[in-house]
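Notes to accompany the following structure.
The values are calculated or read from the model by the stated rules, or taken from the named source; none is laboratory data. Keep in mind it's a predicted model, so treat the numbers as computed, not measured. Note that each Cβ is placed from the backbone with ideal geometry, even for glycine, and that neighbours are counted across all protein chains shown.
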Amino acid sequence: MIALSALVLSGCQPLPSPVAPESEPLQDSAASEPEVYTPVYDPEAIDAMIREVPESPEWDYVWAHLQAINDQAELGPGVPLEAELSPTVNPEMAQVTIDAYSTAMGIWSFFGVDEVPAVWSLMSEQDYDWWYQRVIAIEGDNPALDVWDDETNRMGHCSLNEYSFCGYGNPQRTTGITFQYNIIGSKYQGAPNRNTVAHEAVHFYQDYYSQTYYEFMPCWFVEGQATLLGNAISGSGEQGPAPYGSSDLSRTGRALPGDASWSVEQWKQLLDGFMYDDEEKARCTEQEINYTLGAVLFEYLYGHYSLWDIHELTLAAAESENWEQSLQDVLGLSVEQLHTALATYVHGLLQDSVATR
């Protein structure tokens, strides 16, 4: 299954990180400047942080915790990457992009990723013919030729123009390789879209261990994890975090499938369907519920379990291709218990949004 990404940046002003170093008492507090947290690359400290749960399960603490880990990890050497460049892509911007992805992989180097099993192509919005021929040449017997629609000039969820920065990956089970494609618009300047880079870096991490999660894991897991990390890592802005609406989640940019009138049981039934019902699984993917709802569900997971806990769950599921048993073995939860907890969380968020109007 093709994992697509064309992401909407979300603004977030993180809470002070719980891992910021303590300052010494100041002699003249009236004349002093507020201390600014400066990330430091300390592998032992980072390794400890990825095994810690945020000090509060509230979503803004979760985001701040993820940001603090990444801010420090990206100061390290990252993971080396190479890419094939199209005829029209700006080579300087291509190198900036390669460096940004290598840096973004820094956090995943703490989870055993020492290389990215990807064949990577960088191109501009003008390179449809080059992309088409390259897909045929490298993807084997079943090339995915419908991702870029030349008539509408859309690639997956992204409407392409000279200012676009977006991409997608096509992981293949037989080879264990992900074919990754990124558009760098011919007039795109500055740093690469931080959300897109962080999002795709999660997929690189996931693909390092399996290309077939959709066959045995909940449909929201793959894109939900990537969306949350992409949003959180890129989530800073002058306006701060956007509030929840009654039926949409502003910081993820898309509508939830339900609203504040839904009961916990209704949310649970939805999650059960996405796990066990083939029609609901298809609907999950088609309506991008895997992105939006998945990101909200990962807020709960990372508010109650560490990055390392979820990594071990991912590894166990990838090795056994048995989500239910892996969930029980690693987190000590049944699917019934997990879905009840997740449903309660989403229900509570929407109830809170109504109460604070």
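Would a scan of the range 134-144 turn up a residue that is within 20 Å of Ser186 (Cα to Cα) and surrounded by fewer than 14 Cβ atoms within 10 Å (Cβ to Cβ)?
As a first pass, look at the range 134-144 and keep what is within 20 Å of Ser186 (Cα to Cα): 134.
With surrounded by fewer than 14 Cβ atoms within 10 Å (Cβ to Cβ) added as a condition, the list becomes none.
For the range 134-144, residues within 20 Å of Ser186 (Cα to Cα) and surrounded by fewer than 14 Cβ atoms within 10 Å (Cβ to Cβ): absent.
For the range 86-100, residues that are touching a strand residue (DSSP E or B) at 6+ places or on another chain (Cβ under 8 Å) and either within 20 Å of Gln206 (Cα to Cα) or of a type in the set (Ser, Thr, Tyr) (or both) total 4.
Let's see how each residue does on (1) surrounded by fewer than 17 Cβ atoms within 10 Å (Cβ to Cβ); (2) modelled with pLDDT under 95:
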residue: Glu33; (1), (2): yes, yes
residue: Pro39; (1), (2): no, yes
residue: Ile46; (1), (2): no, no
residue: Ile69; (1), (2): no, no
residue: Thr88; (1), (2): yes, no
residue: Thr103; (1), (2): no, no
residue: Phe110; (1), (2): no, no
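For every residue, the table says whether it meets (1) of a type in the set (A, V, I, L, M, F, W, C); (2) touching a strand residue (DSSP E or B) at 6+ places or on another chain (Cβ under 8 Å).
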site: Val119; (1), (2): yes, yes
site: Tyr128; (1), (2): no, yes
site: Tyr132; (1), (2): no, yes
site: Gly140; (1), (2): no, yes
site: His157; (1), (2): no, yes
site: Ile177; (1), (2): yes, yes
site: Ile184; (1), (2): yes, yes
site: Gln189; (1), (2): no, no
site: Phe216; (1), (2): yes, no
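Going by the conditions given, is Val19 in a loop (DSSP other than H, G, I, E, B), farther than 17 Å from Gln225 by Cβ, modelled with pLDDT of 65 or more and not small (Gly, Ala, Ser)? It is false that Val19 is in a loop (DSSP other than H, G, I, E, B), farther than 17 Å from Gln225 by Cβ, modelled with pLDDT of 65 or more and not small (Gly, Ala, Ser). Here's a check for you: in the range 160-180, which residue that is crowded, with 24+ Cβ neighbours inside 10 Å and within 15 Å of Ile98 (Cβ to Cβ) is modelled with the lowest pLDDT? The qualifying residue modelled with the lowest pLDDT is Gly167. Identification of helices (runs of 4 or more DSSP H) wholly contained in the range 254-357 with 3 or more residues that are assigned by TED's automatic domain parsing to the domain that holds Tyr208 and within 16 Å of Trp220 (Cα to Cα) yields no element.
Under 9 Å between Cβ atoms, at least 6 apart or on separate chains: pull out the pairs that start in the range 177-196 with a residue that is farther than 15 Å from Glu162 by Cβ and hydrophobic (A, V, I, L, M, F, W, C) and end on any residue that is modelled with pLDDT under 90 and assigned to a loop (DSSP other than H, G, I, E, B). Listed by first residue and then by second, the contacts come to Ile177/Pro117; Ile177/Gln211. Within the range 133-167, the set of residues being touching a Pro at 6+ places or on another chain (Cβ under 9 Å) and either among the acidic types (Asp, Glu) or part of a helix (DSSP H, G or I) (or both) comprises Val135, Ile136, Ala137. Could you tell me whether any residue of the range 233-242 is part of a loop (DSSP other than H, G, I, E, B) and modelled with pLDDT of 85 or more? No; the residues of the range 233-242 include none that is part of a loop (DSSP other than H, G, I, E, B) and modelled with pLDDT of 85 or more.
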